[in-house]
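Student: Just passing along the structure, written as structure tokens.
What follows is calculated from the coordinates using simple rules that are stated; it is not laboratory data. In this text, all values refer to a predicted model and were calculated from it rather than measured experimentally. Here the Cβ is made from the backbone with ideal geometry for all residues, glycine too, and neighbour counts use every protein chain on show.
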Amino acid sequence: MEKKDYLRSLSSVNDLIQAVYRSRKLGGGVPRELVTEASRVVIDGVREAILAARDEMSLENIRTDAEELVPLVEKEVEERMQWSLRRIINATGVVVHTNLGRSLLSGAALEALATAGSYYNNLEFKLEDGSRGSRQVHLGKLLCELTGAESALVVNNNAAAVLLALTALASGREVVVSRGQLIEIGGSFRLPDVMAQSGARLVEVGTTNKTYLEDYRRAITSETAMLMRAHPSNYRIMGFTSEAGIEELAGLAREYELVLLDDLGSGVYVDLSSRGLAYEPTVMRSLEEGAHLVCFSGDKLLGGPQAGIILGRKDLIDVLARHPLARALRVDKLTVAALEATLRHYLDPERAFSEIPTLAMLTADPDALRGRARKLAKKLAAQDDLEAEVIEDVSRAGGGALPMEDLPTWAVAVTSPSHSANLIEKGLREAETPVICRISDDRVILDMRTVSDDEVALIAEAFASIVSPDIPE
Ligand SMILES: *Cc1c(COP(=O)(O)O)cnc(C)c1O
């Protein structure tokens, strides 16, 4: 047979659609347009394959009959029906994993989201007198009450908070920052770039590992508007290092009437060292030490929705709130709702540790992690072709917080005589509920810190789908 014979025998789009419906394999909810589109794509693909075929052999492998093309249409439809944003299981042990959605929300925050999405609310409406209100009041009072700050403003994320502060308070003027703090986070937040965007001029002082108060002092000119400290987040300079503290910088800022901005990054509200973790500067400490403005993320260690929280002096916050950029960076009602619920947990810090998933995972009871690992290992070892072992390991906090902190954890290490670790990792990623894991020493490692008890069975199912995949008909 020649190419033209193959082309002639190729099913029409219409015949293919008929064949798809005859096979009755597609679920009822699939729109007709999608079946049509998928059938067209399949027919086009086959036609191209025929035209591109270089020899008899490759032509012989091409199917042209409607019945035989049905599975291709079904696959195409399935791919198009698949949601883009999907639930996954985080078995990496990285609690605040930016690529996997950072913090999970508390039950109360989820309820608040549902209520805010389902009903009208007083987002910008004063119930006392029926006049127009500000969406900031819902969070502002609570934030000030919790932290002792004079005033608060919440924007879209912490990058926005830094951009707004720099734009509103230092545009066209100079901001002095230590070289050791010119950070890039996750490839998208680069302090020098944010600075450039704000119109403020960056003045770098000190060296990578050492910056003294005198370095800042010498850099101050009549053009200087601000001193800024940025939390180094996901890296640390070790060994022979020195940075000026907030207290010292506050003294200098006072002397020259400059604004002191502290970008805390993660911004913890509770002292984590009380739970055996490394000390991370708390928001209150920074304010007490004299930072005029402190900003941090809502979805890192705070454990809430994406947001950028700015706290500090009322006169400065007022300038930020009035800036046109504030309108462009404002938070939506869903964020307000989830953040208010998250912040409320902190009214009782003890309970915050159990109710806010991020804090609960960071401080998880090792025995509970071990129990979960044993349960999973048992389920996996029962599957053909899998070997599973409970091991001690370390997890990371993530989100640029506690970068040097090893959190002792329990994990399951899996190997298979018939599948390489890379193959298993790929299979888990492509499972119906994808499981994201690590590979170490040619073993697949599933860290139980970020896995819930309910997810153990789903992980076992994901493994079952790799080791004994459905045999195609
Ligand atoms: C994470 C981080 C940011 C960016 O915060 P987003 O909420 O992701 O916008 C800015 N500065 C520091 C120091 C950070 O750690």
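Student: With θ set to phi - 60°, apply the Karplus curve 6.51 cos²θ - 1.76 cosθ + 1.60 along segment 349-355 and write out the HN-Hα couplings as whole Hz, x wherever there is a Gly or Pro.
Tutor: x, 4, 6, 4, 5, 9, 8
Student: Semi-axes of the equivalent ellipsoid for segment 189-295, please: Cα gyration tensor eigenvalues, times 5, square-rooted, ordered largest first, whole Å.
Tutor: Details: eigenvalues 110, 51, 45 Å².
Working through the eigenvalues yields semi-axes of 23, 16, 15 Å.
Student: Considering the alpha-carbon set of segment 107-355 alone, what are its Rg and its Dmax in angstrom?
Tutor: According to the Cα coordinates of segment 107-355, Rg and Dmax are 18.2, 60 Å.
Student: So, one more: Going by alpha carbons, how many degrees (0 to 90, nearest 10) lie between the helix axis of 32-52 and the longest principal axis of the chain?
Tutor: 70
Student: Determine the relative contact order of the chain: mean sequence separation of Cα pairs under 8 Å and six or more apart, normalised by residue count, in whole percent.
Tutor: Dividing the mean separation by the residue count of the chain yields 18 percent.
Student: Still on this structure, please answer the following. What number does segment 358-473 give for Rg over Rh if you use C-alpha atoms and the Kirkwood radius?
Tutor: 0.98
Student: Between residue 300 and residues 5 or more places away or on another chain, which pairs have amide H atoms under 5 Å apart, with H built 1.01 Å from N, and which residues are they?
Tutor: Hits under the 5 Å cutoff: none.
Student: Once the convex hull of the C-alpha atoms of segment 36-75 is built, how many Å³ does it hold per residue, rounded to a whole number?
Tutor: So the per-residue hull volume is 60 Å³.
Student: What is the distance, in nm, between label points placed 7 Å from the Cα along the Cα-to-Cβ direction at residue 334 and at residue 121?
Tutor: Between residue 334 and residue 121, the label points sit 1.2 nm apart.
Student: For the chain, compute Rg over Rh where Rg is the Cα radius of gyration and Rh is the Kirkwood radius from the inverse mean 1/r over Cα pairs.
Tutor: Working: Rg = 28.1 Å, Rh = 26.0 Å.
Over the Cα atoms of the chain, Rg/Rh equals 1.08.
Student: Using the Karplus curve 6.51 cos²θ - 1.76 cosθ + 1.60 with θ = phi - 60°, what ³J(HN,Hα) values do you get for each residue of segment 19-31, in whole Hz, with x for Gly and Pro?
Tutor: 5, 4, 5, 4, 6, 6, 8, 6, x, x, x, 7, x
Student: Collect residues whose amide H, placed 1.01 Å from N in the peptide plane, falls under 5 Å from the amide H of residue 268; neighbours closer than 5 in sequence don't count.
Tutor: 283
Student: Normalise the Debye intensity by I(0) for segment 317-376, one equal point scatterer per Cα, no solvent, then take log10 at q = 0.15, 0.27 Å⁻¹ and round to two decimals.
Tutor: Once normalised to I(0) and log-transformed, intensities are -0.68, -1.02.
Student: Same structure again: Is the C-alpha gyration tensor of segment 422-465 telling us rounded, prolate or oblate? Criteria: a/c under 1.5 is rounded; beyond that, a/b larger than b/c is prolate, otherwise oblate. Kindly include the intermediate steps, with their values, before the conclusion.
Tutor: Numbers: a/c = 2.16, a/b = 1.18, b/c = 1.83.
Oblate, since a/c reaches 1.5 and b/c is not below a/b.
Student: Given H placed 1.01 Å from N in the peptide plane, which residues other than close sequence neighbours of residue 89 have an amide H under 5 Å from its amide H?
Tutor: Those lying under 5 Å, H to H, from residue 89 are 435, 436.
Student: Regarding segment 3-81, what's the average projected area of the Cα-atom convex hull, expressed in nm²?
Tutor: Convex hull of Cα atoms, orientation-averaged projection: 4.9 nm².
Student: Continuing with this model, one more query. So what is the diffusion coefficient of segment 252-367 in µm² per second by Stokes-Einstein at 4 °C and 1.567 mPa s, using a Kirkwood Rh over Cα pairs?
Tutor: Diffusion coefficient, whole number: 83 µm²/s.
Student: For segment 27-175, rounded, prolate or oblate, judged on the Cα gyration tensor with a ≥ b ≥ c (square roots of eigenvalues), a/c < 1.5 rounded, else prolate if a/b > b/c?
Tutor: Since a/c reaches 1.5 and a/b is larger than b/c, the shape of segment 27-175 is classed as prolate.
Student: Show me, for segment 106-118, the HN-Hα J-couplings you get by feeding each phi into the Karplus relation (A = 6.51, B = -1.76, C = 1.60, θ = phi - 60°), rounded to Hz, glycine and proline as x.
Tutor: Whole-Hz 3J(HN,Hα) from phi for segment 106-118: 6, x, 5, 5, 5, 4, 4, 4, 5, 5, 5, x, 8.
Student: Using the alpha-carbon atoms, what tilt in degrees (0 to 90, nearest 10) does helix 158-170 show relative to the longest principal axis of the chain?
Tutor: 40
Student: Compute the Cα gyration tensor for segment 90-181, then decide on rounded, prolate or oblate, letting a ≥ b ≥ c be the square roots of its eigenvalues: rounded whenever a/c is under 1.5, prolate when a/b is larger than b/c in the other cases, and oblate in all that remain.
Tutor: Oblate, because a/c is 1.5 or more while a/b does not exceed b/c.
Student: Work out how much length residue 85 to residue 370 would gain on full extension: take 0.36 nm times their residue separation and subtract the Cα-Cα distance, in nm to one decimal.
Tutor: Contour length minus Cα-Cα distance gives 99.5 nm.
Student: Semi-axes of segment 173-233's equivalent ellipsoid from the Cα gyration tensor, sqrt of 5 times each eigenvalue, largest first, rounded to whole Å?
Tutor: 19, 15, 7
Student: What translational diffusion coefficient, in µm²/s and rounded to a whole number, does the Stokes-Einstein relation yield for segment 281-347 at 20 °C and a viscosity of 1.002 mPa s, taking the hydrodynamic radius as the Kirkwood radius over Cα pairs?
Tutor: D, rounded to a whole number, is 165 µm²/s.
Student: Hey, another quick one. Mind pulling the angle between the C-alpha long axis of helix 66-81 and the longest principal axis of the chain? Nearest 10 degrees, somewhere in 0 to 90.
Tutor: 10
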